[in-house]
C-alpha cells in the first residue's frame, strides 16, 4: 500500500518542481538581460548607430556647408575613391606603419615580458615603470617626443652631436626620417600593452615542462623555442591581430607630431579621412573612405578569429 502511494506521489512532486525550475531559469535569464542592457545601450548609441550613419553618408554628397541639400548619389563616392591616388598612398603608408609597429611592439613586448617573468630585483617597481608609456595620453606623448626630436635643442640631437655625429637633424621634417621617427614613438607607446598580455601568458606556461626540458639537457634557447613559444602561440596571435587593428586606426600621435607631413610621408588613412571630412569638408567622400577602412579591418578580424577557432574545431 505504501509502495503504491509513493509511486503516485512521485509524478506530483516532479510536476510541482518543474514549474519551480522553469521559474528559476526565467528569473536568471531576466537578471542576465537586465545586466546586459545597460552595457549594450552605450555601445548601440555610441558605436553601432554612428556606424550605420557613416555607411549611409557614404552614398550621399554630404558636405560640411550651410544650406547644402544632401542628395543620394549611389556609389559615386566609391568610384571616385578607386582613382584617388592620395588615399591609396596613405593606405599603403598605413599598412607599413601597422605591420612594422605591430611587429616591433610584439618583439619588444616579448623580450620585456621574459625579463619581468624572472626573479628580477625590484620586479614590482619595474613592472609599474614599464606601464608608464601606456598610461600617458597620446597628446602628451606626441608633444614630449616632439621636444625630444627638436632639431635645435632636442636631447636626441644633443646626444648625437656630443658623440661626433651630424648636427641639427630634422627628424620630423626629413622625408626619409619622419616615418621611422614616428614609428619609434608608436612602438614605445604600445609595447607595454603587449608586455602585460604576454607576461600573463608566460605565467600560464607549465613549470613542469620547463623543468623536464632542463633535466633533458635543453639549453635556455631550446626551452624557449620548444616549450615557451608554442604555449604562447595563441596569445601572440591574438595580441598581434588586435594590435594591427589598433595601429592601423592610429590618429592622435601622428596628427600632433607631423599632421601627415612632410609631403604626406606620415599620412595614415585615418588622418587622411579626417582631413577630407573636416578640412576639405567632403563628409560623403570621407564616409566612403571610412567604409573601406572598416571593411578591410573586418576582414582582418574575421581571418584572425577563423585562425583562432580552427585548432579547436580540429581538436573536436
* The lone exception for residue 99 - which of (1) within 19 Å of the chain's Cα centre (by Cα); (2) surrounded by 14 or more Cβ atoms within 10 Å (Cβ to Cβ) it fails -> (2)
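Being surrounded by fewer than 16 Cβ atoms within 10 Å (Cβ to Cβ) and closer than 25 Å to residue 266 by Cα is true for just one of 157, 153. Which residue is that? Spell out the reasoning first.
Working: 157 fails: surrounded by fewer than 16 Cβ atoms within 10 Å (Cβ to Cβ).
Every option except 153 fails the conditions.
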* Does at least one position in segment 151-174 carry a residue that is touching a helix residue (DSSP H, G or I) at 6+ places or on another chain (Cβ under 9 Å) and within 20 Å of residue 249 (Cβ to Cβ)? -> no
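The rows are residues; the columns are (1) exposed (fewer than 11 other Cβ atoms within 10 Å of the Cβ); (2) under 22 Å from residue 239 (Cβ atoms); (3) without any contact (Cβ under 8 Å) to a residue 40 or more places away in the chain.
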{"position": "85", "(1), (2), (3)": "yes, no, yes"}
{"position": "89", "(1), (2), (3)": "no, no, no"}
{"position": "105", "(1), (2), (3)": "no, yes, no"}
{"position": "108", "(1), (2), (3)": "no, yes, no"}
{"position": "116", "(1), (2), (3)": "no, yes, no"}
{"position": "134", "(1), (2), (3)": "no, yes, no"}
{"position": "161", "(1), (2), (3)": "no, no, yes"}
* To do: Find the residue count for segment 136-147, including only residues that are surrounded by fewer than 16 Cβ atoms within 10 Å (Cβ to Cβ) and either under 13 Å from residue 181 (Cα atoms) or over 19 Å from the mean Cα position of the chain (by Cα) (or both).
  => 4
* Among the numbered criteria (1) more than 30 Å from residue 171 (Cα to Cα); (2) modelled with pLDDT of 90 or more; (3) in contact with a helix residue (DSSP H, G or I) (Cβ under 7 Å, 6 or more places away or on another chain); (4) exposed (fewer than 15 other Cβ atoms within 10 Å of the Cβ), which single criterion is violated by residue 251? -> (1)
* To do: Go through segment 122-132 and count every residue that is loosely packed, with under 13 Cβ neighbours inside 10 Å and under 20 Å from the mean Cα position of the chain (by Cα).
  => 1
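Kindly evaluate residue 79 against the criterion of being under 27 Å from the mean Cα position of the chain (by Cα) and either in a helix (DSSP H, G or I) or modelled with pLDDT of 85 or more (or both).
Working: under 27 Å from the mean Cα position of the chain (by Cα): no; either in a helix (DSSP H, G or I) or modelled with pLDDT of 85 or more (or both): yes.
No.
The values are calculated or read from the model by the stated rules, or taken from the named source; none is laboratory data. Keep in mind the model is a prediction, meaning the values are calculated, not measured. Glycine also receives a Cβ, built like all others from the backbone with ideal geometry; neighbour counts cover every protein chain displayed.
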